[in-house]
């Protein structure tokens with residue numbers, strides 16, 4: 001169950017499409033063992049792309065906090081099964097998602113269903129994005145970063161990426177990471193304190209941030225240490241709902257390059273992809289009724 005106030009509106013809980021059709025996401029087994037040389041082959045003429053090359057939208061509810069219980073807050077929306085969000089006060093109002101996670105769901109379960117396949121795709125050369133958004137105190141940081149007892153989606157993704165590398169003996173990989181924040185419409189580099197007010201550029205290969213620092217990483221511990229260092233440079237402040245609320249949007253990018261591992265690989269294809277993991281807040285005054293909802297989109 002969720003903890004939005006009684007006057008909650010459906011806002012980010014509504015699908016962008018007008019039809020309530022949906023396809024529930026399916027958990028996959030640990031994909032390190034699923035990798036094979038053929039996984040890196042490009043589709044031939046007439047072949048359909050992978051069914052996972054799409055956008056899915058999921059919602060995660062958190063339980064009422066002790067503070068909310070003391071203040072007499074009430075549940076306004078709840079998870080009705082695995083794909084429906086329904087109004088507590090008007091059961092006729094309901095919205096369909098690819099997956100809905102109730103308040104007892106662990107972050108590991110959310111990752112396995114909603115994000116793991118995106119990591120696997122990125123390691124095979126397919127760009128992927130995991131995008132979490134919600135109002136202050138909705139649980140974005142807990143879901144994406146977590147803690148030592150309950151790791152978030154980012155550390156789980158990093159762990160799986162290096163696990164795949166260890167299991168893929170026929171290819172060599174190079175991983176780089178960048179970490180930035182968008183604060184008051186200004187882009188700042190969290191891995192380089194001097195990187196302030198960076199410019200967003202576009203070329204034939206796509207959109208990029210000019211001057212962003214990228215660090216080559218060698219292990220999950222190395223990645224997490226860089227994230228921790230970057231967090232020290234983020235803008236934070238207190239709100240009515242959170243004493244240490246993040247005051248900026250963040251984008252963590254894992255860039256993956258791989259090539260066949262052999263003595264002579266002339267003419268072989270080098271795959272390149274990016275796994276982007278983004279955390280974005282919403283204006284509290286515009287979404288006051290949804291502070292117990294976090295939406296996660298992957299593509």
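The values are calculated or read from the model by the stated rules, or taken from the named source; none is laboratory data. This is a predicted model, so every value here is computed, not measured. Because the Cβ atoms are built from the backbone with ideal geometry, glycine has one as well, and the counts that use them run over all protein chains shown.
Of everything in the stretch 242-299 that's at pLDDT 75 or above and assigned to a loop (DSSP other than H, G, I, E, B), which residue is farthest from residue 180 (Cα to Cα)? If we take residues in the stretch 242-299 being at pLDDT 75 or above and assigned to a loop (DSSP other than H, G, I, E, B), then 261 is farthest from residue 180 (Cα to Cα). Restricted to helices (runs of 4 or more DSSP H) entirely inside the stretch 59-144, those with at least 2 residues that are touching a helix residue (DSSP H, G or I) at 6+ places or on another chain (Cβ under 7 Å) and buried (at least 22 other Cβ atoms within 10 Å of the Cβ) are 107-114, 116-123, 140-144.
Go through the stretch 208-217 and report how many residues are touching a residue at least 40 places away in the same chain (Cβ under 8 Å) and part of a loop (DSSP other than H, G, I, E, B). Counting residues in the stretch 208-217 that are touching a residue at least 40 places away in the same chain (Cβ under 8 Å) and part of a loop (DSSP other than H, G, I, E, B) gives 1. Scanning the stretch 147-169 for residues that are touching a residue at least 60 places away in the same chain (Cβ under 8 Å), over 16 Å from the mean Cα position of the chain (by Cα) and on the phi > 0 side of the Ramachandran plot turns up nothing. Across the stretch 171-194, the qualifying residues are those that are surrounded by fewer than 16 Cβ atoms within 10 Å (Cβ to Cβ), at pLDDT 90 or above and outside any strand (DSSP E or B), and the one among them that is farthest from the chain's Cα centre (by Cα) is 194.
Answer with yes or no whether residue 227 is buried (at least 18 other Cβ atoms within 10 Å of the Cβ) and touching a helix residue (DSSP H, G or I) at 6+ places or on another chain (Cβ under 8 Å). Answer is yes for this residue. Scanning the stretch 198-207 for residues that are loosely packed, with under 11 Cβ neighbours inside 10 Å and either over 21 Å from the mean Cα position of the chain (by Cα) or touching a residue at least 12 places away in the same chain (Cβ under 8 Å) (or both) yields 199, 202, 203, 204, 205.
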